[in-house]
Structures are given as C-alpha cells and as structure tokens.
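What follows is a short report on a single structure.
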Amino acid sequence: MPERDNSQTSDSGESGAEREDHEEHYAGTWWSFPPMRTALISGALLAATFVLARAGVLPEWAEVGLYVVAAILGAFHWGREAVESVARLRVNIDVLMGVAAGGAATLGLWEEAAFLAFLYGAAEALEELTYDRTRSAIRALLDLAPKEARVLRNGVEVTIPASELVPGDIFLLRPGESIPTDGVIQSGSASINEAAITGESVPVEKEKGSEVFPGTINLTGSLQVEVSRRFEDNTLSRIIHLVEEAQEEKTNAQRFIERFGDRYSPAVLAGALLLLIIPPLLGGDFREWAERAITLTVAGAPCALVMSTPVAVAAAIGSAGKRGVLIKGGVHLENLGLIRAVAFDKTGTLTRGAPQVTDVVPLDGTTAERVLALAAAVEEGSEHPLARAIREEAQGRQLSLPKAEAFEALTGAGAKARVDGRELMVGNAGLFESRGARLGGIAPEIQRLMGEAKTVVLVGDAQRVEGLIAIRDQLRPESAATVRALHDAGLKVAMLTGDNRETALAIAAEVGLDDVRAGLRPENKVEAVKDLQLRHGKVGMVGDGINDAPALATATVGIAMGTVGTDAAIEAADVALMGDDLHGVVYAVRLGRKAQAVSRQNIAFSIALLAVLVPSAVLGFLTVAIAVTAHEVAEIIAVLNGLRARAPGASMGPAEP
C-alpha cells in the first residue's frame, strides 16, 4: 500500500513516511480498515483469554501464550514504527508504548502488556481512519463529475470516458446532466447550478461564450460545450489538489507542539529510567518501582497533545473546500481566527463591479444624447469599466457615434481623443481643472451626484464642458449584512478604493464602514493595509485577487473572491472564495475562530491530563491498565473534538485581544 505524504505529521509526532503504510483514501467499513481489523482480533483474543483464565480452564502456559499472541497482534502496526524509530535513534510515543509493553511482559504482567498493545493499537487505528477520512472527504467532489461524456466526433455522437476528453472536443449536455470538465459554451443557453464549486445555491444563467465547470449541473436547455481543460487538470481537480496540500500545512501551534514533543518524549523515558534505577538503589522494592516506571511511560505519552490541532485543521479546511472556500494552509486558517480588522476593495467586492450610467446632465443647451454620444466616441478605445458603462448606455439608446481619432488614455484621470476636429476629454473634475477649465458653476451639481455614491465624468474641453455623466456601481445585496456580521464579531471594517472620496463616503454610509481610504493606487493600498495592521493588529484583505494582489500579499490573510476558473486569483490569495458572494468572508472568519477554539480546548485538556497522570504515575496512584485507559480515551476525545471544527456555527465569538 502507498505511503502517506511525507509532509504529514502523525499523532506520534512522526512524518508520514514513518507511519503505517495504508490506503491513503480508505473507503471501506471502519472494522475492515487493516489496523483496526488487527486490533479488533487482538481485543477478541484478549477478552477470550481473560474469561477462560478466570474460569480456570486454561493452563498457565496457554494463558501466557494467548496473551503474547494478543499483544503481538495489537502492536502489529504501531510496533513496527517503534522499531523503525529506535533504529533512527528517535524516542517518540510509539517507542514509549513499546517500552511500556515490553517492561510489563518482563515483569510477568502479560495481561497488562496485551491490554496496552490492544487498546493503543485500536486508538491509533481509529485516529488514523478518522484523520484519513477527514483529509480525503474533499475527494467526494470528484463523484459529482460524470464518468462518461457524449462528444461529437465527425458529426457523430459518441460516448467516451470523461478522462479521455481533450481541449477542442465538443461534448453535449441535456437538462439535468452534470458537466464533466471545464469548457466554453459554443451553442445554446441554460441555467447552471454551480453550488458544488462556488457554494452558491442560486443557479447562474449561461449562454454562448460562457465558461462552465465540472461537477456543476445543467438545469435547463441543451448545450454544446468545447473542452478547455483536460479532466485531470480541471477546476474540480485543482480544488481537490489545493485543499489536500493545504491540509498538510501545519499551523504555528502545531509546529510548536511537535518541537515540544521531540524533547518531551525522551524526557519521559529518562524519567522512567530514573524511577527504575534510583529508588531500588535506595532500598525501594524493585518490582514496585518498575511498575511505576512502566505506568509513567504510558501516562506521560503526549498523544492527545500532539493530535490537538491536526484533525481540527484538516476537518476545517476540508469542510471549507466543499463549500467553495479554499483555505491554502493551516497557517492561514489559524490567522483567520486572529484577524482584528477586515479591509475590502470597493469595485467588484463590496459592489458588483459592473458600473451603470444613472444620470446624463447636459450643459449650455447641449442634449443628453449628444453628451452621451461624444463620451462614447472618445471611450471607444478604452477597456476601463466606466468607459464600458458609457458605451453600453449609448448602445442601449441606439445612438450614432461620431468618429474619434488619436485616442489617449490618461491614467487615473480619464481619456481624450479628437472628435470632429476638436480635442475632447472625458474624465474627472481634476483632469479638467488641470487643463484650465473653470468648474465653479457646475461644482454643486458634481457634489450632489457624488453624494449619491456616483462617479461623475465630465465631457468637453478646457473651454466648454458639454455635460456630466453620473455612473454608479451597485452595491452587492449582501454587503451591509456582511459588514454587520463582522462588526458583531468585534472586527473593524475598512474600505480601500481608487474611487473619489465623496463616492467612497457615500458607500461607507450605506454599509456602515469604520474606515474609508479613497483615491488609492495599488501601492497606496499596500501602505493602507500596513497602517491598519499598526492600528488594529492582524488584518484580512478582501479583493479580486489580481488588481489587489499587492495588498492581498501584504495583509495577514489575503482573501480573493469570485475566483472560479481564475488561476491567477487563486494563486494571489491565502483564501480563495470560488463564488461571488461576500458571505464567504464571514464563513471563513467563523471557521478560523472555531478551529482555533477547538485546538485550544484540545491543548488545554491534554496538558491538564498530563499534569494529573504524570504525578499520579510517579506516586503509584495508577496501575498500568488505568493509565492505558485514560491515555487512549483522552486521545479519542481529542480527535472527536477536533472534528467539531468542520462546522463554524451561526455566530462568531468576540475578537481575540
């Protein structure tokens, strides 16, 4: 069977290469999982021997022999790892348990040795199975994509395995069918349920030229789709790969615990040796102190402590991936639980990113149609979102546009071009003022429109302003609710935008922001994020993942939204929201806090347990059997508690100080 990824750390503080070889994605029943099956056979043999021995029907040699067999079966998996660790001169939890079992057998405590081997083996098997299924649960997404696809080959419909699809193939979809791989619609239109990828339950309307993604469902209409990515490289496969990589990355707390375990386990063994040697030399009973030494090796093993965070991290990241929220590592999950402020980009983040013309104000006797036609002519060569809004409005009104020549984009200000022999400008008030235009008479109208969160574009030249065009990017319907939820969690919420201050303040008033930074270029956003970090501590930055890449990289946690199908956006951020919904930000923060809380509970519980068990073992208050039971029950409790990190709950607790 294949080995685990070498980067994965087990409950014993070892790398995956040192752990038991087993199916990386085991899909069978829990009792047929190889380590669990062996442990259960050991337990059954142990129980039968115990009953028969108490009934007096077994000779002593048979009783000892059966206990030895039960111990060997119980230690079959973890015992080999202990031997390998000793060969590498490492002392870990498996070695401690091996020493304890061997010591008990040496003292003739065959029943205790078999009990220890069985219970530790069963706990380890349950833990590995739970962790394995937690890590691999995301792979269930692959089942959403169909295994076969109907393609057109030379005009003939042929059914082939989906894994054989290559870019350029045309596959067919009927209503109700799942999409096998990434593609672009060539014919037809339909409503597509993309919940499996984005986490959004509202279907998306798709038409010719639209992208579609694997695992999503065609609800209406017949489609012909051209394959854009091979099956093994499609969006669904990339999501799974990213999540599995993220589950392997350790949190800072986990790294600290592992370093602690590397020093603590040898210390426990050294303490047991001291108990075995010093008291008998001072006149103590050798057998009594040997039993205490064995009990100490069991009681002091830090299994629950070492497992306090990995299951929580894997459970949280896997659950988030199935909801369309890609958290790219344990450190980022940890940081989500620590952020004190969230900064949002405006355009395309708090707003829809699709500006629309709301007002056309003609001046000096000019008509609204002429103002719009002149502006659209100048902006014909621009790809700026505001230019696109102007052109779409002109097209909607079916206006004829004059010919424009010598187009020039004026970065951060607007554009200019020659129209009917006149150099015409379309841009903000600052552009016109810099060219000597006097705007005193129209300043009140500009301020009024800006106060309505609209961007005002002037049309004309330095001598005459023909008119004003007001454009507004509509707020997302969930923006205000998202900000309220973050406020309820004790977080400060800011907006960083390149838009003018008046528009930014109007947006801020609508959604209830604490801080507004306007007129920012990308480098200014980086400085703004640094300033927020100085003021509040750890900061999350939410943007589109491309234009805001520098700010996303500077923030404690960079969150890119609406990234489905966008490789660059996914790479730019620490957290990628596949869907175009701000609720994912609140979910991610809740998840980070829940995972952090669960990890802290496990750590506190594990340390408290060690603080009780270790002194009790030294003072002789525990037997080997009691120590083994307490140790394994604690380990299972830590694993089960870690699984609670999958569900962040409906509300967030207060921000951490």
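The values are calculated or read from the model by the stated rules, or taken from the named source; none is laboratory data. Worth saying up front: this structure is predicted, and the values here are computed from it rather than measured. Positions of Cβ are backbone-derived with ideal geometry, glycine not excepted, and every protein chain shown enters the neighbour counts. SASA here: full protein model, heavy atoms, side chains in, ligands and nucleic acids out. Shrake-Rupley method; radii C 1.70, N 1.55, O 1.52, S 1.80 Å.
For the reader, a short list of remarks on this structure follows.
- Kirkwood hydrodynamic radius (C-alpha pairs) into Stokes-Einstein, segment 241-342, 10 °C and 1.306 mPa s, D in µm²/s: 97
- Using 0.36 nm per residue and subtracting the Cα-Cα separation, the extra length available between residue 54 and residue 619 on full extension is 200.4 nm.
- Among the listed pairs 416/525; 328/594; 250/346; 208/454, those beyond 24 Å (Cα-Cα): 416/525; 250/346; 208/454
- Rounded tilt (10° steps) of 583-618 against the dominant C-alpha axis of the chain: 20
- Length added when fully stretched, residue 422-residue 571, from 0.36 nm per residue minus Cα-Cα: 49.1 nm
- Note on exposure: 77, 384 ranked by accessible area (1.4 Å probe, complete protein assembly) read 384, 77, with the most exposed listed first.
- Proximal aspartates and glutamates relative to residue 492, as straight alpha-carbon distance under 17 Å, when same-chain residues fewer than 8 apart are discounted: 345, 510, 514, 515, 531, 656
- Secondary structure note: in the chain, about 75% of the DSSP beta bridges are antiparallel.
- Each residue of segment 338-348 was assigned a 3J(HN,Hα) from its phi angle through the Karplus expression (A = 6.51, B = -1.76, C = 1.60, θ = phi - 60°), giving 10, 5, 10, 8, 10, 10, 10, 5, 8, 5, x Hz with x at Gly and Pro.
- Segment residue 405-residue 157, length gained on full extension (0.36 nm per residue, minus Cα span): 84.3 nm
- In this structure the amide hydrogen of residue 516, modeled in the peptide plane, comes within under 5 Å of the amide hydrogens of 495, none closer than 5 places in sequence on its chain.
- Surface share of carbon and sulfur [accessible, 1.4 angstrom probe, percent] for the chain: 57
- Interchain or long-range residues, amide H under 5 Å from residue 169's placed H: 227
- Tilt relative to the chain, helix 501-511 - C-alpha long axis, 0 to 90 degrees, to 10: 50
- Cα-Cα separations in the chain greater than 37 Å, expressed as whole percent: 53
- Value at 222 nm in deg cm²/dmol, rounded to 500, when DSSP H runs of n ≥ 4 in the chain each add -39,500 (n - 2.57): -15500 deg cm²/dmol
- Estimated FRET transfer efficiency (residue 220, residue 278; beta-carbon r; R0 60 Å; 0.05): 0.15
- Average accessible area per residue (Å²) across segment 79-185 - probe 1.4 Å, nucleic acids and ligands excluded: 40
- Simple label model, 7 Å out from Cα along Cβ direction - residue 241 to residue 322, nm: 2.3
- Residue 552 sits among other residues whose Cβ lies under 10 Å from its own Cβ, and their net charge, with Lys and Arg +1 and Asp and Glu -1, is -3.
- Electrostatic dipole magnitude of the chain [Cβ: Lys, Arg +1; Asp, Glu -1; Cα centre; debye, to 20]: 1220
- FRET efficiency, residue 637 to residue 184 (Cβ-Cβ, R0 60 Å, nearest 0.05): 0.75
- Residue-wise HN-Hα couplings along segment 433-449, as the Karplus relation 6.51 cos²θ - 1.76 cosθ + 1.60 with θ = phi - 60° gives them from phi, are 5, 5, 9, x, 6, 9, 10, x, x, 9, 4, x, 5, 4, 5, 4, 5 Hz; Gly and Pro carry x.
- Rounded to the nearest 0.05, the FRET efficiency derived from the C-beta distance between residue 364 and residue 514 at R0 = 60 Å is 0.90.
- Normalised Debye scattering of segment 168-297 at q = 0.17 Å⁻¹ gives log10 I(q)/I(0) of -0.87, counting only Cα atoms as equal scatterers and leaving out solvent.
- Degrees separating the helix 76-87 axis from the principal Cα axis of the chain, which is the longest one: 90
- Residue-normalised convex hull volume from the C-alpha trace of segment 61-125: 71 Å³ per residue.
- Highest-first packing order for the peptide set 571-579, 163-171, 392-400 is 571-579, 163-171, 392-400, based on the mean count of other beta carbon atoms within 10 Å.
- Couplings for segment 212-217, taken from phi via the Karplus curve 6.51 cos²θ - 1.76 cosθ + 1.60 with θ = phi - 60°, read 10, 10, x, x, 8, 10 Hz in order; Gly and Pro are left as x.
- Amide H within-cut-off set for residue 539, under 5 Å, with H built and near neighbours excluded: 340, 556, 557
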